[in-house]
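Single-structure report; data block below.
Values in this text are rule-based calculations from the coordinates and carry no lab data. Predicted model only: the values in this text are computed from it and were never measured. Don't worry about glycine lacking a Cβ; one is built from the backbone with ideal geometry, like all the others, and counts go over all protein chains shown.
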Amino acid sequence: MPLAEIEPVSRESTAAIIARQLREAIMNGSLPPGTQLAETELAAQFQVSRGPLREAMQRLVSEGLLRSERHRGLFVIDLEPEDVHDIYSARMAIERQALIRVAQGADREAVADALDETVREMAAATAAKDWAAVSEADTRFHEVLVAGSGSKRLQRMSRTLLVETRMCLSALRLKYNDDEERVTEHEQIAEAVRRGDAKKAAALLEDHMDDAVRRLTAGT
């Protein structure tokens, strides 16, 4: 018997496509925090009318990625120090549990191999001074870690923080004098996972997160 509440699946709308592209631009730093979104310019760039553009931007307002200022327009949110602390506290709660599961699980060698692969990608990107690729590899490392836990709920919770995490990582790449330091931190976590040392891995992860918070909030 058909369910009255279920509607036919439709193709992705223009507004959804625009929202997705704007979301990605915010994540990768192409639209940095504080950027004002000029409606006329964006409509011309996307080659769309203002209707779907406004719908897309309102989606991002509801997601907390854009803020509206009366008589001024829409701006990409600024991540204040309390936001950074909150994001990393939530990430730590999720990733610590994921890490413990991985380190104590039967598949830890396979997960460690996958983590090592992302570290190699990060090292290669660092050598090439491709900072966007460094941030992408950093993101993948933590995604692999959470996915390796096998917990759908931890993965789902982690995904809700993805955009803000990527915003932090894009900003973080400007805070390292030498990105090899960033590579080393991830390398050490992966090695502790491979050894099955959950306590050491959790301590390294916490130091890594705390260091990121200190760098992101320094001088604020």
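Quick notes on this structure:
- Placing +1 on the Cβ of every Lys and Arg and -1 on the Cβ of every Asp and Glu, with nothing else charged, gives segment 14-76 a dipole about its Cα centre of roughly 140 debye.
- Axis angle, to the nearest 10 degrees, between helix 50-62 and the longest C-alpha principal axis of the chain: 40 degrees.
- A Cβ-based charge dipole, computed about the Cα centre of segment 81-217 with Lys and Arg at +1 and Asp and Glu at -1, lands at about 520 debye.
- Relative contact order of the chain, defined on C-alpha pairs under 8 angstrom at six or more residues apart (%): 24 percent
- 3J(HN,Hα) along segment 21-29, derived from phi through the Karplus expression 6.51 cos²θ - 1.76 cosθ + 1.60 where θ = phi - 60°, amounts to 5, 5, 4, 5, 5, 5, 4, 8, x Hz, with x in place of Gly and Pro.
- Percent RCO, i.e. relative contact order, over segment 14-76, from Cα pairs under 8 Å lying at least 6 residues apart: 42 percent
- 3J(HN,Hα) along segment 69-82, derived from phi through the Karplus expression 6.51 cos²θ - 1.76 cosθ + 1.60 where θ = phi - 60°, amounts to 10, 4, 6, 10, x, 10, 9, 5, 4, 8, 8, 6, x, 5 Hz, with x in place of Gly and Pro.
- Over every Cα atom in the chain, the radius of gyration and the widest Cα-Cα span, Dmax, amount to 19.5, 62 Å.
- Extension reserve of the S68-E206 stretch, reckoned as 0.36 nm per residue once the Cα distance is removed: 46.2 nm
- Residue-averaged 222 nm ellipticity for the chain, from DSSP H runs of 4+ at -39500 (n - 2.57), nearest 500: -23000 deg cm²/dmol
- Based on Cα contacts under 8 Å between residues 6+ apart, segment 1-122 shows a relative contact order of 21 percent.
- Between 0 and 90 degrees, the angle of helix 162-172 with respect to the longest Cα principal axis of the chain falls at about 70 degrees.
- Projecting the Cα atoms of Y88, Q155, V183 onto the charge dipole of segment 81-217 (Cβ charges, centred on the Cα centre) puts Q155 farthest toward the positive pole.
- Separation between Cα centres of segment 188-220 and segment 39-71, rounded to whole Å: 37 Å
- Arranged from fewest to most other beta-carbon atoms within 10 Å of their beta carbon, R153, R20, R182 become R153, R20, R182.
- Just checking the listed ones, R195, R70, R96: in the Gaussian network model of the chain with Cα springs under 10 Å, the one fluctuating most is R70.
- Residue by residue, segment 183-197 carries 3J(HN,Hα) couplings of 4, 4, 4, 6, 4, 5, 5, 4, 5, 5, 4, 4, 6, x, 8 Hz when phi is fed to the Karplus relation 6.51 cos²θ - 1.76 cosθ + 1.60 (θ = phi - 60°); x denotes Gly or Pro.
- Segment 78-115 versus segment 126-157: alpha-carbon centroid distance in Å: 10 Å
- Placing pseudo-labels 7 Å out from each Cα toward the beta carbon at R54 and E109 gives an inter-label distance of 6.1 nm.
- Stretching K129 away from I100 to a fully extended chain increases their span by 7.2 nm, per 0.36 nm per residue minus the current alpha-carbon distance.
- A straight Cα-to-Cα reach below 14 Å connects K152 with the aspartates and glutamates E95, E143, residues fewer than 8 places away in its own chain not being considered.
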